[in-house]
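The values are calculated or read from the model by the stated rules, or taken from the named source; none is laboratory data. This one's a predicted model, so the numbers in the text were calculated from it and none came from an experiment. Please note: Cβ atoms are built from the backbone with ideal geometry, for glycine as well, and neighbour counts cover all protein chains shown.
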Amino acid sequence: MDRNTEFLRGRYRIRHRIGTGGFSNIYQALDEQTGQEVSIKEFTADHMDGVDTVLKGSAYDIAMQSVPSPAKDRSSLSQEEMLVRGLMQVVKEEEMLKRLADVPGVPAVYGTFRENNTIYMVREYLEGMTCRDYMDRFRGRIPFTLALYIMKGILEVLETIHSRGYIHCDVSTINSFLCRDGTVYLIDWGNAVKTEGSMEDHVVRQAVNVRFSAPEQQISGERLTPATDIYCLCATIYDAVCGDPPRQCLERLRGRDLVDPSFYVGDLPSFVSDMLVRGLSLDPDERPGSGELLEILNREVEFSVTPVAGTGNVQVSARLLNEKRSPFGFLTSRRHSRPTVL
């Protein structure tokens with residue numbers, strides 16, 4: 001799509017593409033009717049073994065009107081069946097986001113529509129960067145204070161959705177999002193399932209990110225619980241702090257040990273190492289819950305975010321802009337003497 005010239009549904013002016021995934025392209029767009037910036041998720045079928053994005057026959061109508069049983073064996077599905085199930089996964093994500101609309105840290109969804117032989121989802125536009133973007137800014141890993149701030153925000157989201165019977169299943173550095181105002185969001189809900197589900201419960205089983213996923217996500221038939229999200233989150237924070245993800249869980253099941261994060265970060269407080277190591281336990285029953293981790297963070301660290309604009313420091317803002325570092329603000333805590341530039 002061409003920047004500022006392509007319209008969707010006659011009302012959404014495409015600004016530019018801001019991300020891609022195995023199932024989608026993500027665009028920033030202007031809603032000409034409301035004047036509001038939105039993000040638009042475009043379903044693609046590139047991951048489906050050569051199936052293109054053109055809808056075949058009544059695939060869209062079938063997807064909107066029926067709920068197929070989970071597919072145990074993807075190889076047994078026809079290309080059109082795969083396409084229908086992929087479309088249904090988009091609809092499922094929209095429904096879940098609407099049910100969680102009142103949860104802070106979950107992006108709002110405004111609806112879906114069909115155009116260009118595919119389906120689009122219109123969502124809240126978030127101004128900020130992913131944890132992965134911050135890692136790139138800080139040359140591969142971020143200050144542990146910033147990582148703990150993101151961790152706390154994601155834990156608050158997880159504690160709420162777990163209490164409502166949902167599991168995100170895809171917490172990662174690219175799905176942990178820090179907004180300009182300091183709000184932390186958990187994005188990309190396409191893999192989410194109900195509590196006590198399994199990866200086979202997806203109408204189309206999506207590939208898991210083996211760098212962050214728990215053992216139960218990679219072993220067929222294993223049940224998923226809130227502890228699954230804890231593993232993914234701790235793997236995410238481990239990667240953010242250490243600059244390398246933890247050793248993959250299947251390798252650890254074969255006897256290779258987890259490297260303690262303090263090996264990578266000499267000044268890492270012991271409570272951080274302890275949290276991450278416990279959260280990365282191969283046994284779900286041994287992982288701490290979101291409430292326990294939040295209690296530790298609230299006891300150990302007190303965060304403060306000061307917007308750059310509020311400091312009146314024009315020189316700082318100008319320097320950061322020249323360095324292409326968005327001057328969101330400064331993050332400070334009891335555990336970090338020098339403020340972190342956001």
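The table that follows gives values for the structure above.
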| item | result |
| --- | --- |
| Among (1) surrounded by 15 or more Cβ atoms within 10 Å (Cβ to Cβ); (2) at pLDDT 95 or above - the single one Gly291 does not satisfy | (1) |
| Some residue of region 255-265 being modelled with pLDDT under 85, among the polar types (S, T, N, Q) and buried (at least 16 other Cβ atoms within 10 Å of the Cβ) | no |
| Residue list for region 270-287, filter: crowded, with 16+ Cβ neighbours inside 10 Å and in a loop (DSSP other than H, G, I, E, B) | Leu280, Ser281, Arg287 |
